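Novice: Below: one structure in structure tokens.
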There are 2 protein chains.
Amino acid sequence: MDRHDRVAVAAERGALVDAVLERFFSLSKKRATPLGAPYEHLWGLLERNTQGGKRFRPRMVMAAYAGLGGDDMDAAAYIGASFELLHTALIVHDDVIDRDFVRRGIPNISGAYRDHAVDRGASVEIAEHRGVSAAVIAGDLALFNSYRLIDKSGVTGEMRDRLLDILDEAMFASAAGELIDVDLSMASTTPLVDDILTMERLKTAVYSFETPLQAGAVLAGAGEETVATLGEFGREIGIAYQIVDDVLGVFGEEESTGKTTIGDLREGKRTVMIAFACSTPEWVRLRELIGDPDLTHEQAIETRLLLIQSGAKAFAEDLARGYAQRALARLAEPHIPASLREELHPVAETVLNRVR
Amino acid sequence: MDRHDRVAVAAERGALVDAVLERFFSLSKKRATPLGAPYEHLWGLLERNTQGGKRFRPRMVMAAYAGLGGDDMDAAAYIGASFELLHTALIVHDDVIDRDFVRRGIPNISGAYRDHAVDRGASVEIAEHRGVSAAVIAGDLALFNSYRLIDKSGVTGEMRDRLLDILDEAMFASAAGELIDVDLSMASTTPLVDDILTMERLKTAVYSFETPLQAGAVLAGAGEETVATLGEFGREIGIAYQIVDDVLGVFGEEESTGKTTIGDLREGKRTVMIAFACSTPEWVRLRELIGDPDLTHEQAIETRLLLIQSGAKAFAEDLARGYAQRALARLAEPHIPASLREELHPVAETVLNRVR
């Protein structure tokens, strides 16, 4: 399959997931109507929050499923949509925790409510409170229904139970990762590289890579060995992805990543680069810069330079490459069919290309 | 069954629910251990938050189940525990929304974390943020696992699907009710009696009475007509219960209700009494008192007197009696077996006794 074909296949699969989510939200909004216009509106906002994404987790489910010979793409789309709703729930509540009102430059649920309340004359404090409250509720609905979509997928019996176990594992790990993240962000000491890696794996990689891949494999009826290998591939590539994401959060181009490259620095986001840098001489100056909410663009350039000079950027990139290469090695194992390798190789390549 | 027997039966059923929750939390804590001591600690705090309650929702499940001839009390205890976890999730997130750190005089999850962080030298602002963050995560875990407990109950096939539909209905209604509550508490105008009743039904009565009773009936294999009647009984008695609860929140004795009788007044809690009072001459003075966070005990007495003089208290009590009597009428319907009537009559009587 060449690049052109891959893009077409991805679009086709994405459309199937979109259709599942569209049906789900259409039903939910209809059901919400008699309970009041604000409730219907909340469902609409939640729906909007699931749109425009890369459908990354569903793509992992479907790649594993198709690569292992699965041919009921509608069922795979249901399972994928379930992970997408879990993702929505986690980011909506992550924004509640961080008291963020904007995500990727667009008002999130809290932000939309806040802005609406301010327009109607509420004070900022009351408007923000209303926004956060609505986001707590919306995240709960997304979380509950991520489980529900698996139950509604048409999959039954032992396979359903296994898929639910996998989704449970995703949720269990993410909650642990979120808690570690909260603790790290409030700790007065700088974190260790291993703490960052554990946090990023639990908070994001498990539910974004490991478990969606495993769910796709289970749905395709794969054996334990294959499911386990896919989990390991997902773990390695998921960690690599997070490390690269952090590097691009500081050094990437805003246009391609959709993120500002100053936000993470101002916020003092704990990353592998920071954990490495704090044992280098450059830390004396870096500690004054990182986490300064008023960091200027000039100071941001100085920070980036110091992260390069300290070796922190190269360290993170090497680390990511190591993880990505170990991921590729998993795919080379003899029990992985060529069709699956063909599906997943590009995933690992994409990560590697980002640090090339 | 006399009163003494009923107490013994309630204790026995409560013990079965406790055992389900104990097993669930014991497994979860063991599973959390490798993910870090703070995560295990969070699970322990969540467990503590499910303890000491009246196991009200499980009792509804089990009353309906036993009254309809069900004899697998362990399965009923699982379904009951599921509603108990849903209850925990909803109150934990309700406290996040209200930024409450105490519930019934004891620090809740946010409060426990805040106090712990303050003890270790964190600022109050940071400590509160950490507390609220932990509560968001803990509520998510409780919510997700309320669904999960039904899946783990041993009930399969169509019956499992129907129980999941009922739990979904409970969650769907509660979220709508919570949103209406947030909107009402921020509205500048006084609410209508009907708005309060709708909010209280959706936010609390559906998941505390209507759906647990229906779940017990479904588990007992009851027919549609009985399930529907139980839902109506639950709706009527649930609304009656909420109205009485609001009256007792202002006029009750703290020892028997476990709540202060000044908190609701200081907070300006929207109740049927308030909605009624605002169309009476006493409102001119009442509006100055209600919602004043610094309300003195003397002013609280004045407020209570005005609520009596305006007729608001009597209005609410009459309203509650009407709902409770309609609930009792449902039980008198011919397709309700005597054994079920015997189980549920005391529930309605208890509500009626509280306004006698």
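Novice: Taking region A:89-102, which residues are within 12 Å of another protein chain (Cβ to nearest Cβ) and assigned to a helix (DSSP H, G or I)? Reasoning before the result, please.
Specialist: At the first step, the residues of region A:89-102 found to be within 12 Å of another protein chain (Cβ to nearest Cβ) are A:89-90, A:92-99.
Within region A:89-102, A:ALA89, A:LEU90, A:VAL92, A:HIS93, A:ASP94, A:ASP95, A:VAL96, A:ILE97, A:ASP98 qualify.
Novice: Checking the conditions here, which among A:ILE126, A:ILE137 is at pLDDT 95 or above and on the phi < 0 side of the Ramachandran plot?
Specialist: Working: A:ILE126 fails: at pLDDT 95 or above.
Selected residue: A:ILE137, the only one of A:ILE126, A:ILE137 that is at pLDDT 95 or above and on the phi < 0 side of the Ramachandran plot.
Novice: Please name all residue pairs, on different chains or six or more residues apart, with Cβ atoms under 9 Å, provided the first residue is in region A:35-47 and is more than 10 Å from chain B (Cβ to nearest Cβ) and the second residue is among the aromatic types (Phe, Trp, Tyr) and not in a helix (DSSP H, G or I).
Specialist: Here the result reads none, with nothing in region A:35-47 linked to a residue that is among the aromatic types (Phe, Trp, Tyr) and not in a helix (DSSP H, G or I).
Novice: Please return the ranges of helices (runs of 4 or more DSSP H) entirely within region A:242-356 where 1 or more residues are at pLDDT below 95 and either of a type in the set (S, T, N, Q) or surrounded by fewer than 17 Cβ atoms within 10 Å (Cβ to Cβ) (or both). Full working, then the answer.
Specialist: Values: elements: A:254-257, A:263-267, A:272-277, A:283-289, A:297-309, A:312-331, A:338-354.
So the answer is A:254-257, A:263-267, A:283-289, A:297-309, A:312-331, A:338-354.
Novice: Now, a different point. Quick check on region A:198-209. Is at least one of its residues modelled with pLDDT under 95, surrounded by fewer than 21 Cβ atoms within 10 Å (Cβ to Cβ) and within 13 Å of chain B (Cβ to nearest Cβ)?
Specialist: There is no residue in region A:198-209 that is modelled with pLDDT under 95, surrounded by fewer than 21 Cβ atoms within 10 Å (Cβ to Cβ) and within 13 Å of chain B (Cβ to nearest Cβ).
Novice: From A:PHE144, A:PHE172, which residue is touching a Leu at 6+ places or on another chain (Cβ under 7 Å), more than 21 Å from A:ALA76 (Cβ to Cβ) and at pLDDT 95 or above? Explain how you work it out, then say what you get.
Specialist: On the way: A:PHE172 fails: touching a Leu at 6+ places or on another chain (Cβ under 7 Å).
The unique qualifying residue is A:PHE144.
Novice: Right, something else. Given the options B:LEU149, B:LEU143, name the one that is closer than 30 Å to A:ALA173 by Cβ, within 13 Å of another protein chain (Cβ to nearest Cβ), surrounded by 24 or more Cβ atoms within 10 Å (Cβ to Cβ) and not small (Gly, Ala, Ser). Even if it seems obvious, please write down each step before you answer.
Specialist: Working: B:LEU149 fails: surrounded by 24 or more Cβ atoms within 10 Å (Cβ to Cβ).
When all the criteria are applied, what remains is B:LEU143.
Novice: Within 14 Å of chain B (Cβ to nearest Cβ), buried (at least 18 other Cβ atoms within 10 Å of the Cβ) and in contact with a helix residue (DSSP H, G or I) (Cβ under 7 Å, 6 or more places away or on another chain): is that true of A:LEU85 in this structure? It would help to see each step written out before you state the result.
Specialist: Numbers: within 14 Å of chain B (Cβ to nearest Cβ): yes; buried (at least 18 other Cβ atoms within 10 Å of the Cβ): yes; in contact with a helix residue (DSSP H, G or I) (Cβ under 7 Å, 6 or more places away or on another chain): yes.
So A:LEU85 passes the test.
Novice: Moving to a separate point now. Can you pull out the residues in region B:224-236 that are free of Cβ contacts under 8 Å to residues at least 24 places away in the same chain and of a type outside the set (Val, Ile, Thr)?
Specialist: Within region B:224-236, the subset free of Cβ contacts under 8 Å to residues at least 24 places away in the same chain is B:224, B:227-228, B:231.
Of everything in region B:224-236, those that are free of Cβ contacts under 8 Å to residues at least 24 places away in the same chain and of a type outside the set (Val, Ile, Thr) turn out to be B:GLU224, B:ALA228, B:GLY231.
Novice: Pull out all pairs, ordered by first then second residue, where Cβ-Cβ is under 9 Å, the residues are six or more apart or on different chains, the first lies in region B:152-169 and is at positive phi, and the second is of a type in the set (Val, Ile, Thr).
Specialist: B:GLY157/A:THR156
Novice: In addition: Keeping to region B:20-43, report how many residues are surrounded by 14 or more Cβ atoms within 10 Å (Cβ to Cβ) and small (Gly, Ala, Ser). It would help to see each step written out before you state the result.
Specialist: First pass over region B:20-43, keeping only residues surrounded by 14 or more Cβ atoms within 10 Å (Cβ to Cβ): B:20-22, B:24-25, B:28-29, B:31-32, B:35-36, B:38-43.
Narrowing the set further to residues that are small (Gly, Ala, Ser) leaves B:28, B:32, B:36.
The qualifying residues number 3.
Novice: Restricted to region B:90-102, and to residues that are of a type in the set (A, V, I, L, M) and out of contact with any Phe, Trp or Tyr (no Cβ under 8 Å at 6 or more places or on another chain), which residue is surrounded by the fewest Cβ atoms within 10 Å (Cβ to Cβ)? Steps first, please.
Specialist: Applying the first criterion (of a type in the set (A, V, I, L, M)) to region B:90-102 yields B:90-92, B:96-97, B:102.
Retained after the next criterion (residues that are out of contact with any Phe, Trp or Tyr (no Cβ under 8 Å at 6 or more places or on another chain)): B:91-92, B:96-97, B:102.
Working: B:ILE91: 19, B:VAL92: 27, B:VAL96: 26, B:ILE97: 22, B:VAL102: 12.
Among those that are of a type in the set (A, V, I, L, M) and out of contact with any Phe, Trp or Tyr (no Cβ under 8 Å at 6 or more places or on another chain), it is B:VAL102.
Novice: Then there is this: Quick check: is even one residue across region A:127-135 more than 23 Å from A:TYR78 (Cα to Cα), touching a Leu at 6+ places or on another chain (Cβ under 7 Å) and part of a helix (DSSP H, G or I)? Before you say what the answer is, go through the steps one by one.
Specialist: Kept after step one, since they are more than 23 Å from A:TYR78 (Cα to Cα), are these residues of region A:127-135: A:127-135.
Filter once more, keeping what is touching a Leu at 6+ places or on another chain (Cβ under 7 Å): A:134.
Checking the rest, the ones that are also part of a helix (DSSP H, G or I) come to A:134.
Yes; the residues of region A:127-135 include at least one that is more than 23 Å from A:TYR78 (Cα to Cα), touching a Leu at 6+ places or on another chain (Cβ under 7 Å) and part of a helix (DSSP H, G or I).
Novice: Turning to a different aspect of this structure: Quick one: A:ASP168 ticks every box in (1) surrounded by fewer than 22 Cβ atoms within 10 Å (Cβ to Cβ); (2) more than 24 Å from B:ARG31 (Cα to Cα); (3) under 19 Å from the mean Cα position of the chain (by Cα) bar one, so which box is it?
Specialist: (2)
Novice: So, one more: Mind telling me which of the residues A:GLY105, A:GLY131, A:GLY121 ends up being surrounded by fewer than 24 Cβ atoms within 10 Å (Cβ to Cβ) and within 12 Å of chain B (Cβ to nearest Cβ)?
Specialist: Numbers: A:GLY105 fails: within 12 Å of chain B (Cβ to nearest Cβ); A:GLY131 fails: surrounded by fewer than 24 Cβ atoms within 10 Å (Cβ to Cβ).
Going through A:GLY105, A:GLY131, A:GLY121 in turn, the sole match is A:GLY121.
The values are calculated or read from the model by the stated rules, or taken from the named source; none is laboratory data. Since the structure is predicted, the reported quantities are computational estimates derived from the model, not experimental observations. Cβ sites come from the backbone with ideal geometry, for glycine too, and all protein chains shown count toward neighbours.
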